[in-house]
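Values quoted throughout were computed directly from the atomic coordinates according to the rules given, and no laboratory measurement underlies them. Worth saying up front: this structure is predicted, and the values here are computed from it rather than measured. Note that each Cβ is placed from the backbone with ideal geometry, even for glycine, and that neighbours are counted across all protein chains shown.
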Amino acid sequence: MLPKDIPLRLAVKQWGNVAGLVAGLAEGDVALIGRSMKDVVVEPYRKHFIPGFDELRNKVLEVGALAMNISGAGPSVFALCDNMTLADRVGEVMKAHFLQYNIESKIYVSKISNRGARTLADYNFEG
C-alpha cells in the first residue's frame, strides 16, 4: 500500500515536521507541536481507510484543535488540544462525524502525561 520510494521533497518536508515536533516538545510550545504534526509521507495513503478523513480534520481544526492525525497504522485517529474543555468538544465532533457514516466509535479524552514512558511497576494498584 505504501510506496517503496519517497520523493526527496517529501522526505525533506517530513524531516522538517519531525524537527518542529521535537523542538515544540522540548520547548513546551503547543502551537509549534500542532503545526508540526503533519505526516506527508504515509498519511496520504492511509487516510483513505478512514471515512471522511479530510472532512473530519477540517471539522476538528475549525473548532480549535491544534492537530489531528492517524494513530499508528489506523484506523484510530487522535487530536491534540490545548485544554480539556476543547478536547471534550473535539471528541464530540469526532463522534458525530463517525455517526454520519454509521460507524460506532469510542472517544477517549485525556491529558498528555509529562512523566514519559512508565512500566506497570510504576503504578500503585493497591488504592
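The mean sequence separation of alpha-carbon pairs under 8 Å and at least six residues apart, normalised by the residue count of region 42-108, gives a relative contact order of 26 percent.
Would you compute, from DSSP H runs of 4+ residues alone, the mean residue ellipticity of the chain at 222 nm, taking -39500 (n - 2.57) per run and dividing by the full residue count, rounded to the nearest 500? Result for the chain: -14000 deg cm²/dmol, rounded to the nearest 500. Stretching the chain fully between Glu92 and Ser110 yields a gain of 5.1 nm (0.36 nm per residue, less the alpha carbon separation).
Kirkwood analysis of region 42-108, using all unique Cα-Cα pairs, places the hydrodynamic radius at 11.9 Å.
Taken over region 1-66, the convex hull of the Cα atoms encloses 87 Å³ per residue.
Going from the fewest other Cβ atoms within 10 Å to the most, the residues His97, His48 appear in the order His48, His97. In plain terms, the residue of Val18, Val60, Val93 with the fewest other Cβ atoms within 10 Å comes first and the most crowded comes last, giving Val18, Val93, Val60. In the chain, the alpha-carbon atoms span a convex hull of 152 Å³ per residue. For the chain, lysine pairs with C-alpha atoms less than 26 angstrom apart, excluding pairs fewer than eight positions apart on the same chain, total 20.
Summary value for the chain: 16 percent relative contact order, contacts being C-alpha pairs under 8 angstrom separated by 6+ residues. Annotation note: trypsin sites (Lys or Arg not before Pro) in region 1-110 located in DSSP loop regions with a Cβ neighbour count of at most 13 within 10 Å are Lys4, Lys106. Dipole magnitude for region 42-108: computed about the Cα centre from +1 point charges on Lys and Arg Cβ and -1 point charges on Asp and Glu Cβ, it is near 140 debye.
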